[in-house]
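Structure first, commentary second.
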């Protein structure tokens, strides 16, 4: 029953216009708010870190402060959003009617999804200019592409929304890894960072398995319906982007594990 709910209504033409209008209205209403929240969080965390960690963060270069600030930002926001986001995503994905549930509950999960999009865009823009990291930029580009298609597609909107929610929700479970990276840069004891990294890697590995458990039936179950409504090209495009993201995640896991 859970699998059938996950793959239901991936090609529901009658619902597309109504759903698209709701999502576009939501984007127009929430993007400025999300940008303001991210900007305010960055400013507040920067001030807090300069006061609380003068010997490390306060004495670091602008580039180092930027990287550390992004790690702290992601660690804090992911940790705060993890439980409510997981709850609402599960409610949406495994409900009897994804379309009706999304119309009813869309404010919270889509607001978090938009906030993550803003976070990715801000970090990508900053890191493109300061200490560029090609792997990070590629990860954010793939994530933003999937989210953009989820918000602006027509025929495959439900399928890509489900895909985007799964991938983005699983990203919130990376909070401990970001906390570990931040702790290292802020001069935490090695024993503390090793414990954080071990816990973060364990949670990361477990949630990557759950991610696959959700993604495989979504792609397999959506192939037939999408091939019948002209959405097969987008199915392949999303499969390619998702596969690339999973490879980046696997590479990230290997790097983190080797440094623990």
- Out of (1) surrounded by fewer than 18 Cβ atoms within 10 Å (Cβ to Cβ); (2) in contact (Cβ under 8 Å) with a residue 24 or more places away in the chain; (3) closer than 26 Å to residue 32 by Cα, the one residue 117 does not meet is (1)
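When you look at residue 87, is it under 16 Å from the mean Cα position of the chain (by Cα) and either outside any helix (DSSP H, G or I) or surrounded by fewer than 16 Cβ atoms within 10 Å (Cβ to Cβ) (or both), yes or no? Before the answer, list the steps.
Values: under 16 Å from the mean Cα position of the chain (by Cα): yes; either outside any helix (DSSP H, G or I) or surrounded by fewer than 16 Cβ atoms within 10 Å (Cβ to Cβ) (or both): yes.
Criteria met by residue 87.
Which residue, of 245, 232, 218, 226, is modelled with pLDDT under 95 and closer than 16 Å to residue 174 by Cβ? Can you show your working first?
Working: 232 fails: closer than 16 Å to residue 174 by Cβ; 218 fails: closer than 16 Å to residue 174 by Cβ; 226 fails: closer than 16 Å to residue 174 by Cβ.
That would be 245, the only listed residue that is modelled with pLDDT under 95 and closer than 16 Å to residue 174 by Cβ.
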- Enumerate the pairs (first residue in the stretch 25-41 and on the phi > 0 side of the Ramachandran plot and exposed (fewer than 12 other Cβ atoms within 10 Å of the Cβ); second residue anywhere and modelled with pLDDT of 75 or more and not in a helix (DSSP H, G or I)) with beta-carbon separation below 6 Å, excluding pairs fewer than 6 apart on the same chain, so at least 6 apart or on different chains. none
- Message: Just the residues that are without any contact (Cβ under 8 Å) to a residue 24 or more places away in the chain and surrounded by 16 or more Cβ atoms within 10 Å (Cβ to Cβ), please, taken from the stretch 65-84.
- Response: 65
- Which one is surrounded by the fewest Cβ atoms within 10 Å (Cβ to Cβ) among residues in the stretch 156-209 that are at negative phi and not in a helix (DSSP H, G or I)? 189
- Across (1) surrounded by fewer than 18 Cβ atoms within 10 Å (Cβ to Cβ); (2) part of a helix (DSSP H, G or I); (3) more than 17 Å from the chain's Cα centre (by Cα); (4) at pLDDT 85 or above, residue 100 clears everything bar (4)
- Within the stretch 58-82, how many residues turn out to be touching a helix residue (DSSP H, G or I) at 6+ places or on another chain (Cβ under 9 Å), over 16 Å from residue 130 (Cβ atoms) and in a loop (DSSP other than H, G, I, E, B)? 1
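The values are calculated or read from the model by the stated rules, or taken from the named source; none is laboratory data. What you see is a predicted model, and the numbers here were worked out from it, not measured in a lab. Counting neighbours? That spans all protein chains shown, and the Cβs are built from the backbone with ideal geometry, glycine included.
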